[in-house]
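Q: Take this structure first; my questions come after.
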Amino acid sequence: MDCKTAQQKITSYIDRKLDDSEMEEFIEHVRRCEACSEELEVYFTIYYALMQLDKEENEVYNIKELLEKDLKQAEDRVKKHNIMRFYRRLLMTLIGIVAGIFVITGAQTLLTGSFEYTTLYNLFSVETEPDTWIQQSEQESVRQATETTERETNRKRQLIVTTPETEAAIPLSEITTE
C-alpha cells in the first residue's frame with residue numbers, strides 16, 4: 001500500500017469500515033511509514049477529542065497510547081479472522097475429501113454389487129494378521145505346486161487295447177493275462 005492510499009483509508013479505519021485484508025495492509029503500512037502514522041495520530045486525536053466533548057468529562061488522556069491500543073486490537077482482530085478463515089478452509093477441504101471418498105465408495109459398491117469389493121473395505125478390513133500372510137502365501141504356493149503335479153500326472157496317456165469282437169476300448173491296466 002502506498003502513502004496516498006493509506007491516507008485515504010484513515011477515516012475508514014477510524015470508522016471501522018475496512019475489511020480484514022485492507023485493515024491488515026493499512027496497519028502494516030502505518031507501522032512502517034512515520035508520515036502516515038503521524039497523519040493517523042492527528043485524525044485519531046481529533047476523532048477521540050470530539051467523542052470526549054460529547055461525554056463532558058474533564059479527564060486527561062494519552063492519545064498516543066490509546067491509538068496504540070486501538071491498532072493492537074485491530075491487529076489481533078485481523079489475526080483472529082485469518083486463523084478462523086484458515087480453519088474454515090481446512091474443515092471444508094476435509095469435508096470435501098470425506099464426501100469424495102463416500103462418492104467413490106458408493107460408485108464402486110454399485111459397480112461391483114457389494115461393499116466387500118470396494119477399495120475402502122479392502123483398506124480397512126484386515127482379516128488376517130500380517131505375520132500369517134507369509135504363511136498363507138507359502139501354503140498357497142505348496143497348494144499350487146501340488147495342483148500342477150496332479151494335472152501333469154492326469155495327462156499321462158494310457159494304452160488302450162481294442163478287440164475286434166467288442167470294438168470297445170479297454171484300458172491296458174484292466175487286461176489281465178491268464
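Q: Please return the ranges of helices (runs of 4 or more DSSP H) entirely within segment 1-46 where 1 or more residues are under 24 Å from R85 (Cα atoms) and touching a residue at least 12 places away in the same chain (Cβ under 8 Å).
A: Here the list reads 10-14, 20-32.
Q: Six or more apart or on different chains, Cβ under 9 Å: which pairs go from a residue in segment 68-88 that's small (G, A, S) to one that's outside any helix (DSSP H, G or I)? Could you list them?
A: Cβ pairs passing all conditions: A74/R16; A74/L18.
Q: Then there is this: Of the conditions (1) surrounded by 10 or more Cβ atoms within 10 Å (Cβ to Cβ); (2) modelled with pLDDT of 60 or more, T162 clears all except one; give me its number.
A: Looking at each condition in turn, T162 falls short on (2).
Q: Considering each of S21, S114 in turn, give the residue that is hydroxyl-bearing (S, T, Y) and within 19 Å of C3 (Cα to Cα).
A: S21
Q: Check whether at least one residue in segment 100-113 is modelled with pLDDT of 80 or more, exposed (fewer than 10 other Cβ atoms within 10 Å of the Cβ) and small (G, A, S), and report yes or no.
A: Checked segment 100-113: at least one residue is modelled with pLDDT of 80 or more, exposed (fewer than 10 other Cβ atoms within 10 Å of the Cβ) and small (G, A, S).
The values are calculated or read from the model by the stated rules, or taken from the named source; none is laboratory data. Please read these numbers as outputs of a predicted model, since none were measured by experiment. Neighbour counts run over all protein chains shown; Cβ positions are idealised from the backbone, glycine included.
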